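Report on the following structure.
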Amino acid sequence: MRVLVTGGAGFIGANFVLRTLAQRPDVEITVLDKLTYAANPATLESVADRIDLVVGDVADAALVDRLVAAADVVVHFAAESHNDNSLADPSSFVQTNLVGTFALLEAVRRHDVRYHHISTDEVYGDLDLEDPTRFTEATAYNPSSPYSSTKAGSDLLVRAWVRSFGLRATISNCSNNYGPYQHVEKFIPRQITNVLAGVRPKLYGDGLNVRDWIHVDDHNDAVWTIIERGEIGETYLIGADGEVNNRTVVETILELLGQPADAFDFVTDRPGHDRRYAIDSTRLRTELGWQPQYLDFRSGLSATIDWYRANPDWWQPHKQAVEANYAGTERVIG
Ligand code: NAD
Ligand code: TDX
């Protein structure tokens, strides 16, 4: 099976490539990645001779057409993925997430190739802390940020291409991922590497916002489950019952690294900051038989801390620029 993986040099896409090569000898992988600031080609160094890495843009229709024509399956991870960046400058989010997805959809339509679309629970907006409900496949779209609205728009393009043109496509909307090879701009790696670098972790607002954490390997196993057993045209929510508030995450990181649990700063809140995400993944579990393997967030977090501690060469070159960027907008408030 020939699989085209877009965004395969980023966090989730690269974990998908590494895991697929380790577990599925029958799969040949081509990665299409623009190698933006978010990519780290070092992640794929150990498998460089086993994959075809094409450096290019998913919005480049001619390039995409050629690569899709040579594939049996396309898994579309490539995106601008960071909410804070989308607030500073949304233009690349519209270009990559919407125009890029459009180029892929047109190519898979022309060549009748199986397509899986990677998306996020953020398309559903947010929930109150006290709300007893969780997101399901039936929840109405209500995105808050430039990032999540472009992801929502890309999902709707996929749905329209399925209905109008009979595309052989599936969509998954997953909750917040953690694990190795995640960029240090994101919450968990930022705080782990802050503590390792002797800097106090930074919590936005009151620190009580809730995210529903899932290990990246559980996400990627679910993606394969959907590619192999998902019903064409359908959407599946991926989540591992991992709701935790941000303050608890930071306190746990500090504790696991032997620091006092209160050694963090509160900083100015993210504008429009979604309060809570929560996924009900019953459909994926009952219809397709998927189950997460990482059931204990604390031990998954501990393994992730060990990975960052053991791999400073992977993250240190990017740390200073990320922190300088944050320093331009955030102010310590407590
Ligand atoms: P990431 O930012 O770590 O990686 C994105 C990758 O896409 C990078 O390698 C980058 O170079 C590449 N890319 C960006 N623009 C491109 C373009 N125009 N052409 C080709 N390649 C381009 O992102 P991630 O966290 O790995 O997220 C991957 C996907 O999963 C995204 O679609 C995201 O919306 C989705 N998702 C992420 C999470 C999460 O918690 N990180 C949760 C749910 C869904
Ligand atoms: O320094 C920080 N302090 C802080 O309190 C950072 C970077 C974040 N936060 C908060 C904001 C969020 O409530 O932590 C939470 C997680 O923040 P991010 O890592 O930026 O993730 P989020 O905005 O929840 O979006 C992530 O999950 C869904 C991914 O970046 C998206 O690509 C995915 O779609």
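Side notes on the structure shown:
- Within the stretch 227-240, tally of residues that are within 16 Å of ligand 2 (Cβ to nearest atom) and either closer than 19 Å to Q182 by Cα or of a type in the set (D, E) (or both): 3
- Test: residue in the stretch 123-143 that is buried (at least 16 other Cβ atoms within 10 Å of the Cβ) and part of a helix (DSSP H, G or I): yes
- Within the stretch 138-154, restricting attention to residues that are in contact (Cβ under 8 Å) with a residue 40 or more places away in the chain and under 19 Å from E234 (Cα atoms), the residue that is nearest to ligand 1 (Cβ to nearest atom) is K151.
- Residues that are within 12 Å of ligand 2 (Cβ to nearest atom), among the aromatic types (F, W, Y) and assigned to a helix (DSSP H, G or I) within the stretch 179-226 comprise just one, F187.
- Filter pass, R159 being among the charged types (D, E, K, R), closer than 19 Å to D306 by Cβ and in a helix (DSSP H, G or I): no
- Residue check, R283 surrounded by fewer than 19 Cβ atoms within 10 Å (Cβ to Cβ), within 14 Å of ligand 2 (Cβ to nearest atom) and closer than 23 Å to I12 by Cβ: no
- Boolean, R168 is more than 20 Å from I227 (Cβ to Cβ), more than 10 Å from ligand 1 (Cβ to nearest atom), touching a residue at least 12 places away in the same chain (Cβ under 8 Å) and out of contact with any Ser or Thr (no Cβ under 9 Å at 6 or more places or on another chain): no
- Identity of the residue in the stretch 23-43, more than 21 Å from V73 (Cβ to Cβ) and modelled with pLDDT of 95 or more, that ends up farthest from ligand 1 (Cβ to nearest atom): A42
- The set of residues in the stretch 236-272 that are aromatic (F, W, Y) and more than 16 Å from ligand 1 (Cβ to nearest atom) comprises F264, F266.
- Residue check for T235: of a type in the set (S, T, N, Q) and closer than 17 Å to I192 by Cα: no
- Where G233 falls short, out of the listed (1) farther than 27 Å from V158 by Cα; (2) in contact (Cβ under 8 Å) with a residue 12 or more places away in the chain; (3) away from ligand 1 (no atom under 16 Å from the Cβ); (4) assigned to a loop (DSSP other than H, G, I, E, B): (1)
The values are calculated or read from the model by the stated rules, or taken from the named source; none is laboratory data. Every value quoted in this text rests on a predicted model; they were computed, and no experiment measured them. As a convention, Cβ positions derive from the backbone with ideal geometry for all residues, glycine included, and neighbour counts pool all protein chains shown.
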